[in-house]
1. Tally up the carbon and sulfur contribution to the accessible surface of the stretch 97-179 as a whole percent, 1.4 Å probe, everything protein left in place.
2. From the C-alpha gyration tensor of the chain, pull out the three semi-axes of the equivalent ellipsoid (sqrt of 5λ each), sorted largest to smallest, in whole Å.
3. Return the lysines within reach of Lys185: Cα separation strictly under 17 angstrom, same-chain partners fewer than 8 residues apart disregarded; answer none if there are no such residues.
4. Expected output is a single nm value to one decimal: the length gained when fully extending between Ile140 and Thr2, i.e. 0.36 nm times separation in residues minus the C-alpha distance. What is it?
5. With +1 assigned to the C-beta of every Lys and Arg and -1 to the C-beta of every Asp and Glu, and no other charges, what is the dipole magnitude of the stretch 62-214 about the Cα centre in debye, to the nearest 20?
6. State in Å² the accessible area per residue of the chain; use a 1.4 Å probe, count heavy atoms of protein chains only, and round to the nearest integer.
7. Given the rule -39500 (n - 2.57) for each run of at least 4 DSSP H residues, summed and divided by the residues of the chain, what is its mean residue ellipticity at 222 nm, to the nearest 500 deg cm²/dmol?
8. Output the Kirkwood hydrodynamic radius of the stretch 140-214, Cα pairs only, in Å rounded to one decimal.
Amino acid sequence: MTLNGLGELMTAIGLTGLLFGEAKDRPLVRAVSKTLASAGFIVAAIGFGALQSRYGKIVLTGLVLGAIGDVCLLGTGKKAFMGGLVSFLLGHVAYVLAFGSLSMRPPQAFLAAVAIVTVMVLIARWVFPHAPDMRVPIGIYMLVISAMVVTAVGAGAAGAPWMVPVGAILFTVSDIAVVRQRFVKPELANRLFGLPLYYAAQLLIAWSIAAVNA
């Protein structure tokens, strides 16, 4: 088995256990499974050649920050959530730098900017009334994830691997599930919907390393 294949298997097994732990409310199963799933996309990235290019190293940094954020979000308090938010924020910054280093098509990037800003305004109007004391950090996070989508779509239009824009968009949708869980309506459906999208997004972004390096 290749190293990237091992990483993908780790994520698949970990995600399965994580969804079981969420459904049955098993904190230990959830913690072990989430750690395994997140370690998997890091292993996959290394297998895809993350250490062999500048793009790969920046993406790997983003993946590691995402894994740290995953561990932080195992906690239930505000400090744990803020730790996860900061980690994911920095991870998205890494992705912006990685995607921004690729060739870009400005017209498509502009259209993506219009679309994502519209979506983020609607989300802000939906979420902010439920989180009045978190508007600034959530707003900053939304700006950075918007930049990630814009650079990913612009790069994809210029010939970057399809995994870049698709991964960025899936990541964004998974974040909506996290926000709904945290601030609007906590329920199992948020995790059952958001977690598979999140791990698929991270694996796709890791996979893009091999295509960019090819």
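1. In the stretch 97-179, the share of accessible area belonging to carbon and sulfur is 76 percent.
2. Value: 25, 23, 13 Å, ordered largest first.
3. Here the lysines satisfying the reach criterion relative to Lys185 are Lys78.
4. 45.8 nm
5. The calculation lands at about 280 debye.
6. Value returned for the chain: 46 Å² of accessible area per residue.
7. Value at 222 nm, helices only: -28000 deg cm²/dmol.
8. Over the stretch 140-214, the inverse of the mean reciprocal pair distance is 12.9 Å.
The values are calculated or read from the model by the stated rules, or taken from the named source; none is laboratory data. Treat the numbers as computed from the prediction; the structure is a model and nothing was measured. Cβ: placed from backbone, ideal geometry, glycine included. Neighbour counts: every protein chain shown. Heavy atoms of the whole protein, side chains included, go into the accessibility calculation; ligands, DNA and RNA do not. Shrake-Rupley method; radii C 1.70, N 1.55, O 1.52, S 1.80 Å.
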